[in-house]
Every structure is written in C-alpha cells, then in structure tokens.
Amino acid sequence: MKRKIRMGMIGGGYDSFIGAVHRIAANLDGQIELVCGCFSSSPENSKNSGRNLYLPDNRIYTTYQEMIEVEAKLPESERMDFVSIVTPNHLHFEPALLALENGFHVVLDKPMTFTLDEAHKLEEKVKETGLLFALTHTYTGYPMIKEARERVLRGDLGKIRRVYVQYSQGWLADDVADSNKQASWRVDPKRSGKAGCMGDIGTHAFNLAEYITGLEVAELSAELNTFVPNRLLDDDGVVLIRYKDGARGMLSATQIAVGEENNLKIQVYGEKGGLEWCQEDPNTMIMKWGDKPKEIIRTSNGYMSPVAQYHSRTPGGHPEGYIEAFANIYRNFAQSLQSILEGKQPTAENKNFPTVKDGVKGMQFIETVVASSAANAKWLEIIK
C-alpha cells in the first residue's frame, strides 16, 4: 500500500527563511510528511522549532549526528526515508555524507558543498550507494523553464549563438551582517566558502543557462567585485563564457543593485530566433523572430509541451511561482522514491530534478570564477 514519504530536516528552524519554504513545498502535494528534525545548532532552538511543528520530543534531535544514527536504528516502518538539508554552505557536506552512509536519500540546498573536493566525494558516495539525491536549483522547476528547454532542444531557435543571464538583487547594498541572520553567513568565508554573491545566486544563473540550452561551459573569464567596505566576499560579478559548441555567454550576478528584489532573467539567441524569461513574471516567456512579430507564451495552455504541462499546477491566468517550482522538485523526488519503495524504476518524468552532477558543476563554476578573477579575469578552462 502506498504511504506518505517520511522526511527529516537538518536546519530550517523557526528563525530560518529557507526551511519554511522547503516544508511548504514538500507538503504541497500531500505526498511527504515531516517526521523528525534537527533544526538548529542550538539544542534549545531545535527543540522549540520541532515543538512548533508538532513533532514529538523523541523525534526532535539536538545534533544531526544523533538524528541520523537514531533514525537508522528505528524500524523501517517508522524511520525517515530521506533528509532535507537546509543549512549554511559549510554544513552541507558532512550531514549529506552521513545520511547517505546510513542509507537515507538526500535533498540538499545549493551550492552543494563548501569545496569542490567535497562535491566530488559526495558524487562518489551517491554513485556507490545508488540512493536518490536532489539539489534544489528551484528555478528549473518552473513550467516555463521546462518549456524553454524543450523549445531549444527541439531546434526552434536553431543553433544557439548567444546567452545572457543576469541575477540582480539589492538586499546586500549595505552592511547588514550584524542585523540580518541570512546576510551574516553569506558574507562570511568560513560559512559561505570562496564566493559570496557568485556562490549564492550566480550558481542559480549558471545552472539555469545550462539547463535551458543544454550547452556546456568550456572556459570563462570572471571579474568579482566587493563594493561594501570591509566585506570579505564578492557582492557583485560578471562572467564571460565560451561554450564547447562555439556559443558565447555573459552572466552577471549582483546583490548591491539598489531597488532590485529578485531579478533573475535569461535571454537565449539562436540562428532562427530567441527567447526571454524573467523570474518576476514567471508564467510568461517571449519568443522573438526575425520575420514575424514576437510571441507571448503563457503557462497552462494547450500549445505547451507535455513536460511543461506536467509541471503546471493551475489554470491559465492564475499566479504560479516560486513555491510551486520548489514543490515540483519535491514532488518528482517523492514520486521517484515511491517507485523505489515499491520495487519499480522511477520514470523519466519523475526523475526530472537537479542531481549531484548539477551540484558538482556548480562547484566547478565557483572554483573557476574565483580563480579567474584572482588572475585578473584570465580565461580559464573549467576546473575539474
């Protein structure tokens, strides 16, 4: 008999932004239930957070090590099936590795790890165990992004020549690290890693461009900037990209663009036409042609591809966005896991979510961008 997939969570306490987003997304389709968690490095905060989520005290843990070890010893009918890890970057690798070693599937926030070496180790462990691993590159879950990918891959635009992708925010235009928990760890190299803005949102832009176009980066030239005085990591940057098939790209990411909220935008141009999508109007895509007027493409219409229709949740004209895109990743992951529990192979439709390979690519991107910028924007091949 089918049952709900049981989820544990590491991080995501009551004062966390992203933890609540993950829980809402995981719950949206009614396929997943939260059964346990270690929600904070503070035992008191973890306990309070778990109680606020109506978990029993014996399933609220004070360390992630305790949680994974205790859950692994519970009867199969009780223990969690997978763990969702929503901690700062420096606390991604060890919990994920321990979970995999104890037989638990993993959903992990991006960037995948603190270092590229950790990313490779995690990839090897996923291969070794054969367990499911999803990386929450949220924007790939949008129906219109699925449609954009389908149109590029079936050749509507012809051979791709040029890609522009930007991610602009303004929330770190001032030094708010002392008053904003979300800012404090993102600007701290001990918790964020080698990159600040480029690691936080630049990886999203990088992943989005690769996902839609299917192109693979050969080499890049990057300039990272830090505008806020005394900040230790980049808060702005631009990357020029040479793709393996000859296409060219430009990626910009900034968190000091005053007045911008969450302006993620991509433009793709081929020999036959182009497309444009903006996350702040996610249900719309513009197709551009040289010999006819622009086309406005909207979600939940009959002309959408099957994969885009599958990831559309509401009738046309109803707002559908960030939470639903997040939920598409969790739904596909849960359905894949359900198939495995029933002794079946997950369908390609259900396996439509970012994986550990995407995580490795993201860390290669960060490593190469930082190295190029340090070498005065030198062109570098992607560091493997």
Query raised in the report: Among P315, P143, P95, which one moves the most in a GNM of the chain with springs linking Cα atoms closer than 10 Å?
Result: P315
Report task. Pick out which of R331, R186, R51 has the largest mean-square fluctuation in a Gaussian network model of the chain, springs linking Cα atoms closer than 10 Å. Result -> R51
Query raised in the report: Along each of its three principal axes, how wide is the spread of alpha-carbon positions in the range 1-160, in whole angstrom units, largest first?
Result: 58, 37, 34
Query - Translational diffusion of the range 344-384, µm² s⁻¹ [Kirkwood Rh, Cα pairs; Stokes-Einstein; 10 °C; 1.306 mPa s] - result: 131 µm²/s
Query raised in the report: Assuming R0 = 51 Å, what is the FRET efficiency of I286 and K73, from their Cβ-Cβ distance, to the nearest 0.05?
Result: 0.40
Query raised in the report: Ignoring the sites themselves, what is the longest stretch of the chain with no GluC sites (Glu not before Pro) in a DSSP loop and at most 16 other beta-carbon atoms within 10 Å?
Result: 79-215
Requested in this report: Report the convex hull volume per residue for the range 171-300, counting only C-alpha atoms, in Å³.
Outcome: 137 Å³
Query raised in the report: Regarding the range 152-205, what whole-number volume in Å³ per residue does the convex hull of its Cα atoms give?
Result: 113 Å³
Query raised in the report: Per residue, how much space in cubic angstrom lies within the convex hull of the C-alpha atoms of the range 262-309?
Result: 93 Å³
Report summary line: Among G155, G321, G359, the residue with the largest mean-square fluctuation in a Gaussian network model of the chain built from Cα contacts under 10 Å is G155
Query raised in the report: What does the convex hull of the alpha-carbon atoms of the range 75-134 project to on average, in nm²?
Result: 3.9 nm²
Report task. Measure out, as a whole number of angstrom, how far apart the alpha-carbon centroids of the range 195-255 and the range 6-27 sit. Result -> 28 Å
Requested in this report: Could you tell me the distance between the Cα centroids of the range 343-384 and the range 33-52, to the nearest Å?
Outcome: 31 Å
Report summary line: Which of K146/K357; K127/K384; K127/K378; K181/K378; K190/K361 exceed 25 Å between C-alpha atoms? The answer is K127/K378; K181/K378
Report summary line: Taking r as the C-beta separation of R3 and E349 and R0 as 30 Å, the FRET efficiency to the nearest 0.05 is 0.90
Query raised in the report: If you project the alpha carbons of the chain onto their three principal axes, what span does each projection cover, largest first, in Å?
Result: 64, 52, 39
Report summary line: Expected sort for 105-117, 17-29 on mean C-beta neighbours within 10 Å, highest first, is 105-117, 17-29
Report task. Report the dimensions of the range 304-384 along its three principal axes from the alpha-carbon atoms, largest first, rounded to Å. Result -> 49, 39, 21
Query - Spatially proximal aspartates and glutamates relative to K344 (Cα-Cα < 19 Å; intrachain offsets below 8 disregarded) - result: E76, D81
Query - Cβ-based net charge around N180, under 15 Å, with every Lys or Arg adding one and every Asp or Glu removing one - result: -3
**Report entry** Hydrodynamic radius (Kirkwood) for the range 158-237, which is based on Cα pairs only, to one decimal in Å
**Finding:** 14.0 Å
Report summary line: Rounded to the nearest 10 degrees, the helix 64-73 long axis (Cα) sits at an angle to the longest Cα principal axis of the chain of 60 degrees
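Each reported figure results from applying straightforward, stated rules to the coordinates on display, with no laboratory input. All values reported here derive from a predicted model rather than from experimental measurement. FYI the Cβ positions are ideal-geometry reconstructions off the backbone, even for glycines, and counts take in every protein chain you see.
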